[in-house]
Amino acid sequence: MIAFTRTAVRRCKEFGGRALGLIARATAPARRAFRRSLQLRVVTATLVASAVLVVIFSFVVATSITGGLIDSRLDSALDQVTDARGEVVQSLNQVVSPDDPTLKNKMSAIVAEQSGSEESPQRPTVLLRTAAGNVVESRPTKRDTIEPAIPEEIVSDVDSGWLSYQYSTVNPDGQGERPFLIVGTPAYTDRIDYELYYLFPLDTETAATELVRTTLIVSGTTLVLMLGVIAWLVTRIVATPVRLAARTAQRLSAGLLHERMTVKGADDLARLAGSFNLMAENLHQQIMRLEEMSRLQRRFTSDVSHELRTPLTTVRMAADLLHDSREDFPEAAARSAELLQDELDRFEDLLGDLLEISRFDAGFAALDTEPVEVAPIVEAVVESFEALATSCNVDVRVHLPADSVVAEIDARRVQRVLRNLVGNAIEHAEAQPVCIVVSASSTVVSIVVRDRGVGLKPGEEKLVFNRFWRSDPSRARQTGGTGLGLSISADDAKLHNGQLDASGEPGNGSVFRLSLPLRSGDRVLTHALPLDTSADPCSRTDNDDV
């Protein structure tokens with residue numbers, strides 16, 4: 001039994017979940033339109049608020065009118081019954097016995113007089129009876145008696161000597177059940193006790209109530225619809241300029257800097273359009289100035305880089321000659337020749353980076369892709385940094401997949417990216433191990449370089465790819481970086497339709513991930529390795545340690 005109950009509960013939950021899912025999918029377009037449209041939200045709120053107010057107002061008005069009609073009818077009925085009771089007592093006070101042969105005729109005359117002779121919707125049905133069982137009533141011939149229609153509560157109250165009334169749905173005249181006001185009262189004479197009952201039809205009051213209800217429903221519905229139309233028109237006046245402003249802003253963001261809003265009139269919306277156009281004009285001018293400055297800067301960098309090539313070649317030739325002959329120089333001159341050679345190497349690296357940046361800015365950078373195995377490139381880069389790793393007391397660990405990974409890449413550019421990543425990792429490792437992991441999926445190859453050094457502060461994972469940016473400018477540099485390496489690496493990754501990401505925590509090191517598509521022209525949609533500073537990629541056991 002318990003298992004059956006649990007199964008039933010589970011099935012009910014599953015059914016409820018599927019039903020909610022179907023409802024959510026069916027209402028998704030409406031909910032999406034409601035979220036996106038200010039005009040629809042305002043109109044909906046207006047309709048809901050006005051509908052609530054109209055319902056409350058209609059309920060109060062209908063209740064007040066209906067209550068007034070019923071109270072008026074009740075007061076009139078009670079007055080009529082009280083007067084009739086006096087007439088009954090006066091007319092039948094002379095009857096001394098229930099067996100009097102004239103009693104029934106007198107009772108019939110009184111009932112006929114009280115019920116009225118004219119046919120009217122308001123004509124009451126009257127019943128007069130004695131305690132001995134003599135009953136006289138005004139009724140159509142279709143019914144035998146109306147006594148069963150009188151509620152027991154009223155009969156009990158009348159027997160107790162009280163004037164009593166009650167609303168009930170009865171059929172005293174054969175015209176169908178409908179609401180009646182039933183009033184009963186005792187009538188005491190010196191010799192005989194009488195009971196007088198009136199059944200007042202409430203057809204007029206019911207019709208008036210239905211008319212009021214219908215009028216309120218029609219007028220309330222019309223009022224709500226009119227308010228909705230008014231709200232729609234008013235919000236349209238306000239929402240249209242806002243939509244135009246949003247559309248114009250989208251076009252401006254797409255590069256159409258000459259787009260402007262149309263200014264009509266002199267109201268607040270016109271001033272908004274004028275302010276928007278002024279802002280757009282200022283932004284346009286500022287963007288043009290920045291573009292001109294950027295163009296001049298790129299041209300200056302390109303020109304300077306190319307112009308420095310010729311004198312640098314001459315200086316390099318002289319420096320090489322001095323460096324080759326340094327053993328014949330005094331010790332100070334030999335040391336100067338070595339320093340000159342080192343600084344020229346750094347200068348050539350900087351000049352090469354500037355030329356590469358110029359090619360990227362000019363859009364002249366191109367890929368020379370061919371199917372290349374990735375593992376030898378990683379091994380060659382690590383081998384080139386053995387001396388630096390030894391001097392920094394850093395253990396470099398490489399994990400390569402068991403199967404070879406072949407990708408259509410520009411080997412020179414990928415090698416340059418890895419040199420920048422590995423060199424930075426060794427330099428900032430703080431004598432902690434550096435781990436390099438290579439993994440591939442069916443479409444992507446990912447290379448992660450992880451160090452346990454100083455790490456990155458929050459927000460610096462984006463800044464590291466900016467030109468000339470350094471995390472700690474005062475830090476002693478082993479390799480003499482220019483601040484352009486990671487920027488060029490990011491451009492190289494984008495040129496492959498790949499991604500170069502960074503993450504890090506202060507004191508917990510940093511992680512750089514290079515993801516490239518295996519086939520030239522594809523894009524990176526997923527990654528073969530996570531970008532996680534909390535995990536240790538060197539703990540992987542499914543790769544071989546190199």
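The values are calculated or read from the model by the stated rules, or taken from the named source; none is laboratory data. Since the structure is predicted, the reported quantities are computational estimates derived from the model, not experimental observations. Neighbour counts run over all protein chains shown; Cβ positions are idealised from the backbone, glycine included. Accessible surface is based on the protein model in full, side chains and every heavy atom, while ligands, DNA and RNA are left aside. Shrake-Rupley method; radii C 1.70, N 1.55, O 1.52, S 1.80 Å.
Counting the residues of region 381-408 that are among the small types (Gly, Ala, Ser) and in contact with a strand residue (DSSP E or B) (Cβ under 9 Å, 6 or more places away or on another chain) gives 4.
So is Thr5 part of a helix (DSSP H, G or I), at pLDDT below 85 and either in contact with a Lys or Arg (Cβ under 9 Å, 6 or more places away or on another chain) or β-branched (Val, Ile, Thr) (or both) or not?
Details: part of a helix (DSSP H, G or I): yes; at pLDDT below 85: yes; either in contact with a Lys or Arg (Cβ under 9 Å, 6 or more places away or on another chain) or β-branched (Val, Ile, Thr) (or both): yes.
Here the answer is yes, as Thr5 does meet what is asked.
For (1) among the basic types (Lys, Arg); (2) open to solvent by 60 Å² or more (accessible area, probe 1.4 Å); (3) in a strand (DSSP E or B), each residue gets a yes or a no:
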{"residue": "Val155", "(1), (2), (3)": "no, no, no"}
{"residue": "Tyr167", "(1), (2), (3)": "no, yes, yes"}
{"residue": "Pro172", "(1), (2), (3)": "no, no, no"}
{"residue": "Gln175", "(1), (2), (3)": "no, yes, no"}
{"residue": "Val183", "(1), (2), (3)": "no, no, yes"}
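Out of curiosity, is Asp410 more than 26 Å from Leu350 (Cβ to Cβ) and of a type in the set (Asp, Glu)?
Numbers: more than 26 Å from Leu350 (Cβ to Cβ): no; of a type in the set (Asp, Glu): yes.
No, not satisfied.
Yes/no per residue for (1) surrounded by 18 or more Cβ atoms within 10 Å (Cβ to Cβ); (2) more than 22 Å from Pro530 (Cβ to Cβ); (3) free of Cβ contacts under 8 Å to residues at least 40 places away in the same chain:
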position	(1), (2), (3)
Ser391	no, yes, no
His399	yes, no, no
Val405	yes, no, no
Leu421	yes, no, no
Ile426	yes, yes, no
Pro433	no, no, no
Val437	yes, no, no
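Taken over region 439-470, residues that are of a type in the set (Phe, Trp, Tyr) and without any contact (Cβ under 8 Å) to a residue 24 or more places away in the chain amount to 2.
One residue stands out among those in region 498-517 that are free of Cβ contacts under 8 Å to residues at least 60 places away in the same chain and either in contact with a strand residue (DSSP E or B) (Cβ under 6 Å, 6 or more places away or on another chain) or of a type in the set (A, V, I, L, M, F, W, C) (or both): the one that is farthest from Leu421 (Cα to Cα), which is Gly498.
Checking each residue in region 502-519 for being over 19 Å from Phe465 (Cα atoms), open to solvent by 60 Å² or more (accessible area, probe 1.4 Å) and not charged (D, E, K, R) picks out only Gly507. Among residues of region 66-78 that are farther than 23 Å from Pro186 by Cα, those with a beta-carbon under 9 Å from a residue that is open to solvent by 40 Å² or more (accessible area, probe 1.4 Å) and outside any helix (DSSP H, G or I) at least six positions away or on a different chain give the pairs Ile70/Tyr167.
Determine which member of the set Val224, Val229 is exposed (fewer than 15 other Cβ atoms within 10 Å of the Cβ) and either in contact (Cβ under 8 Å) with a residue 12 or more places away in the chain or not hydroxyl-bearing (Ser, Thr, Tyr) (or both).
Numbers: Val224 fails: exposed (fewer than 15 other Cβ atoms within 10 Å of the Cβ).
On inspection, the qualifying residue turns out to be Val229.
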